[in-house]
Amino acid sequence: MCGMGPLAIDTSAKGLATRLGFAIIYPLIPTGVRFMFQSNPVGRVDLTDQARLEMLLQQAAATKPKNAADEMEREAMKDHNGILRALRSCREAFSQGFYHVGFDGQLMAGRYGFRIEDIRQELPFQLWYGTLDAMTPINHGRQIAARLGERAQLRVSEDTHGSLQVRYKREAWEALLKAS
């Protein structure tokens with residue numbers, strides 16, 4: 001869901017910002033990345049997950065939605081269990097420090113060493129993207145689906161990064177189980 005593809009495939013304006021962030025900021029300025037995460041409730045692993053959730057909810061309540069996408073993101077924040085799972089996942093991701101997040105960006109921005117279309121032919125793919133997603137360019141999903149051909153099922157909805165994952169969580173798990 002909302003998965004990044006090789007950054008070389010995206011030529012949209014959103015893709016350029018993402019590419020610059022992952023290719024330059026993450027790997028070259030790890031101190032900035034560490035500061036960015038540690039100044040956000042997601043990266044405050046010194047706190048309990050419940051405290052981090054409460055901080056996120058306070059931030060969401062204090063922010064006035066500017067458009068329909070902001071309203072959808074705010075609505076997605078009501079899935080407290082889903083947010084807690086994400087916070088636990090981030091805690092694990094940051095368990096060895098924040099410096100390594102830069103290397104993740106470097107890997108995502110670099111060459112994969114293989115072509116997406118060369119992934120085993122018998123593997124089916126489900127790609128879920130939101131047209132209002134400000135974090136992951138929808139063009140990644142479209143181009144990945146084009147490269148994979150018939151074995152890719154591209155699902156596009158008028159959703160944001162967060163609302164897509166909340167609204168279609170059950171459907172995505174059921175589709176995944178059905179395909180396995």
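Being touching a residue at least 60 places away in the same chain (Cβ under 8 Å) and part of a helix (DSSP H, G or I) is a description that applies to Glu73.
Could you tell me whether the range 26-35 includes any residue that is in the same structural domain as Gln106 (by TED's automatic domain parsing), modelled with pLDDT under 90 and among the charged types (D, E, K, R)? Please lay out each step first, then the result.
Going residue by residue through the range 26-35, those that are in the same structural domain as Gln106 (by TED's automatic domain parsing) are 26-35.
Then drop every residue that is not modelled with pLDDT under 90, which leaves 26-35.
Imposing the further condition that a residue be among the charged types (D, E, K, R) reduces the set to 34.
There is at least one residue in the range 26-35 that is in the same structural domain as Gln106 (by TED's automatic domain parsing), modelled with pLDDT under 90 and among the charged types (D, E, K, R).
Taking the listed residues Leu127, Leu164, the one that is touching a residue at least 40 places away in the same chain (Cβ under 8 Å) and either part of a strand (DSSP E or B) or assigned by TED's automatic domain parsing to the domain that holds Gly21 (or both) is Leu127, with no other qualifying.
I'd like to check something: does the range 140-147 contain any residue that is outside any helix (DSSP H, G or I), under 30 Å from Phe37 (Cβ atoms) and out of contact with any Pro (no Cβ under 9 Å at 6 or more places or on another chain)? Write out each step before concluding.
First, the residues of the range 140-147 that are outside any helix (DSSP H, G or I): none.
No, the range 140-147 contains no residue that is outside any helix (DSSP H, G or I), under 30 Å from Phe37 (Cβ atoms) and out of contact with any Pro (no Cβ under 9 Å at 6 or more places or on another chain).
Consider the range 107-164 and keep the residues that are over 24 Å from Asp79 (Cβ atoms) and of a type in the set (Val, Ile, Thr). The one that is surrounded by the most Cβ atoms within 10 Å (Cβ to Cβ) is Ile144. Applying the criterion of being out of contact with any Cys (no Cβ under 7 Å at 6 or more places or on another chain) and closer than 23 Å to Lys66 by Cα to the residues of the range 136-155, the residue that is modelled with the lowest pLDDT is Pro137. If you go through the range 148-161 and keep only what is in a helix (DSSP H, G or I) and closer than 26 Å to Asn81 by Cβ, you end up with just His161. Taking (1) surrounded by fewer than 18 Cβ atoms within 10 Å (Cβ to Cβ); (2) in contact with a helix residue (DSSP H, G or I) (Cβ under 6 Å, 6 or more places away or on another chain); (3) at pLDDT below 70 in turn, Ser12 satisfies each apart from (3).
The values are calculated or read from the model by the stated rules, or taken from the named source; none is laboratory data. This one's a predicted model, so the numbers in the text were calculated from it and none came from an experiment. Neighbour counts are summed over all protein chains in view; Cβ atoms, including those assigned to glycine, are modelled from backbone coordinates with ideal geometry.
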